[in-house]
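As structure tokens, the structure follows; a few thoughts come after it.
The values are calculated or read from the model by the stated rules, or taken from the named source; none is laboratory data. Predicted model, so just to flag it, every value in this text is computed and none were measured. With ideal geometry, Cβ positions are generated from the backbone for all residues, glycine too; neighbour counts draw on all protein chains shown. Only protein heavy atoms, including side chains, enter the accessible area calculation; ligands, DNA and RNA are left aside. Shrake-Rupley method; radii C 1.70, N 1.55, O 1.52, S 1.80 Å.
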Amino acid sequence: MLATFFKQKESTHIPIVVTQMQKASLPLIFIISFLGSFYLARSQADSCTRNLNLKVPIPFATTNLHCLSVWDAQGFILRYVQTSADIWSFILSTPDTNSYIAMGFSATGGMVGSSAIVGWVASRGRSGGIKQYYLGGVTPNQVVPDKGNLQVIGNSTFITLQSSRLYMVFQLETSSEPLSWLIYATGSTGLFPSAPSYALTKHLDKVSIRIDYSKANLGSSQPDGSYSQGIGGSSQSDSDSCDSKLNLNAPLFFDITKLNCIPVWNAQGFILKYTQSSPNIWSFILSAPNPNSYIAIGFSPNGGMVGSSAIVGWISSDGAGGGMKQYYLAGLAPNQVVPDRGNLRILINSTLITSQSSRLYMVFQLQTNQPLPRLIFAIGPNGIFPSVPSFALAQHQDKASITLNYATGSGGGSPDMNLKRRHGVLNILGWGILIIMGAIVARHFKEWDPFWFYFHASVQLLGFILGLIGVVTGLVLNNQLQIDVSIHKALGIIILVLGCLQMMAILARPKKESKARKYWNLYHHNTGRVSIILAIANIFYGIHLGREGSGWRVGYGIVLAVLLFIAIIFETRLWSSRD
């Protein structure tokens, strides 16, 4: 009985004691877990207010390091110092995300064309590496290891893992400041470069910022994809004017409070802002709606494209790449448009292209006492951008030119524009009005013989002469502008040939009594009708190509409607008299 009692007591109280111990340990476990997580969080933290205390030797002095929080969302901290006249030292500190980290130096803020230092520590410190990569494009095979434009000092690079953070150290040899656009990226978790190819997988996230090394200041960051064209935005988002205040999210290294501003190409929404920053430095900002193609501003000695030097910038619609280059236009063939050549002296680290509110902003500075006043603006074909290795420039889709008075900030219409309008006026008067008037008189006023004939012949001759001059001005204009207007040009030549045939037909006009007169009339009348129909169609097409707006189209449409109304009235009267 006693043994049974003790067994029952034991079986009753032991679970209660264990349960009480478990309940008592829960708060303790929670506290320990909380303290542990707090400790781990503190161990991963780094900031510019804390002293750098690495357990490995650093090959340069760290007492005067500048420090910036360059990517708050990922905890990236950059420390740097100019160690000597031509050596810059960097330490990039990031949380260990079990992936590679990268720091790229870009001329434009875009990935394509940049050179990056990439580091990784795999398997929690068991292996790692650091390499330079050249980003020749956006596909994996265009990201090339052990290549790039950075002169990395030998034995200066290492990466270490300490307190759950990666510290990537390297030194660059450069005669001037390093490129101011910096790109930071993290790779996909668990994927690291490895022998033999050391191929780099696509980044998981990235950001680019611009840095002022001397002042240790940052511009606004541009997260991954910020270069892409806005979709579904309001119409106001892509508007800009000389009345609105310039408010870019990227830092500019010149005073923008005294910018001159002029709309240089209303049809395409191009706005040019400029200022003389010093006696021999001129600063420019070209603003344009993002056309998903390149934009360009050329400086020409004579107003023509050949012999000019152009600044060309682009940002692809997906934000994957962008760039700016100078091109020299030695001729009209594609292989005569040469990248990285030209007569413009562009200041180093002064070029920038960014996309903001569905507009492109292209910034650059020129070293010159006075820029050339003849400016050419152009946009490229949709979706086609310069790319490695050739950076060949596709033929422009449209262009315009002006003569700029830098002192007054006023731009005069270019001779090309004036010639284009003369071409339109001459052809509208000649082929589109006088020829039609002469045809109406010849059909409906024959009872006023011989007045109708002399009026018809005189008006047709005047219309032909004006039309001939209009076609010649069109050919001259096409030779100057070098744009593709093949259909408009072909129709114009056909109309001119038909007009010449009509003029020559007068010389072979049979007498009224001749049996051939009936066939001559049939030829003459129908050739005239075909000429008039083609002329009307080509005039409206030419107005469309000239981008002169609806005024020209509506104006000629009203004149044509009046002529058509008169012709219908006379035609109705003619058929009524026959009945």
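Quick one: is Ser401 among the polar types (S, T, N, Q), more than 30 Å from Leu564 (Cα to Cα) and either surrounded by fewer than 16 Cβ atoms within 10 Å (Cβ to Cβ) or out of contact with any strand residue (DSSP E or B) (no Cβ under 7 Å at 6 or more places or on another chain) (or both)? No, not satisfied. Please indicate, with yes or no, whether at least one residue in segment 173-185 is part of a strand (DSSP E or B), of a type in the set (Val, Ile, Thr), closer than 30 Å to Ser357 by Cβ and at pLDDT 90 or above. There is at least one residue in segment 173-185 that is part of a strand (DSSP E or B), of a type in the set (Val, Ile, Thr), closer than 30 Å to Ser357 by Cβ and at pLDDT 90 or above.
Need the failing condition index for Ser514 against (1) touching a residue at least 60 places away in the same chain (Cβ under 8 Å); (2) open to solvent by 40 Å² or more (accessible area, probe 1.4 Å), just the number. That leaves (1) as the condition not met.
The set of residues from segment 151-166 being more than 21 Å from Glu177 (Cβ to Cβ) and either modelled with pLDDT of 90 or more or not in a loop (DSSP other than H, G, I, E, B) (or both) comprises Phe158, Ile159, Thr160, Leu161, Gln162, Arg165, Leu166. Selection of segment 86-101 for residues being of a type outside the set (S, T, N, Q), open to solvent by less than 10 Å² (accessible area, probe 1.4 Å) and in a strand (DSSP E or B) yields Phe90, Ile91, Leu92, Ile101. Pairs meeting the criteria (first residue in segment 285-305 and polar (S, T, N, Q), second residue open to solvent by less than 10 Å² (accessible area, probe 1.4 Å) and in a loop (DSSP other than H, G, I, E, B), beta carbons under 8 Å, at least 6 apart or on different chains) are Ser293/Gly380; Ser300/Ser308. Only one entry of Ile465, Ile493, Ile435 meets the criterion of being surrounded by fewer than 16 Cβ atoms within 10 Å (Cβ to Cβ), within 27 Å of His544 (Cα to Cα) and touching a Gly at 6+ places or on another chain (Cβ under 8 Å), and that entry is Ile465. Within segment 129-144, the residues that satisfy the criterion of being touching a strand residue (DSSP E or B) at 6+ places or on another chain (Cβ under 9 Å), open to solvent by 50 Å² or more (accessible area, probe 1.4 Å) and not polar (S, T, N, Q) are Tyr134, Val144. Restricting segment 135-150 to residues that are over 23 Å from the mean Cα position of the chain (by Cα) and not in a loop (DSSP other than H, G, I, E, B) leaves a set whose member that is modelled with the highest pLDDT is Pro145. For segment 66-85, taking the residues that are hydrophobic (A, V, I, L, M, F, W, C) and surrounded by fewer than 17 Cβ atoms within 10 Å (Cβ to Cβ), the one that is nearest to Ser164 (Cα to Cα) is identified as Ala73.
Looking only at segment 522-573, residues that are over 30 Å from Gly269 (Cα atoms) and open to solvent by 40 Å² or more (accessible area, probe 1.4 Å) come to 20 in all.
In the set (1) of a type outside the set (Ser, Thr, Tyr); (2) within 27 Å of the chain's Cα centre (by Cα); (3) open to solvent by 10 Å² or more (accessible area, probe 1.4 Å), the condition left unmet by Lys215 is number (2). For the structure I just gave you, tell me whether Gln171 is open to solvent by 10 Å² or more (accessible area, probe 1.4 Å), closer than 27 Å to Ser387 by Cα and more than 25 Å from the chain's Cα centre (by Cα). No: the conditions fail for Gln171.
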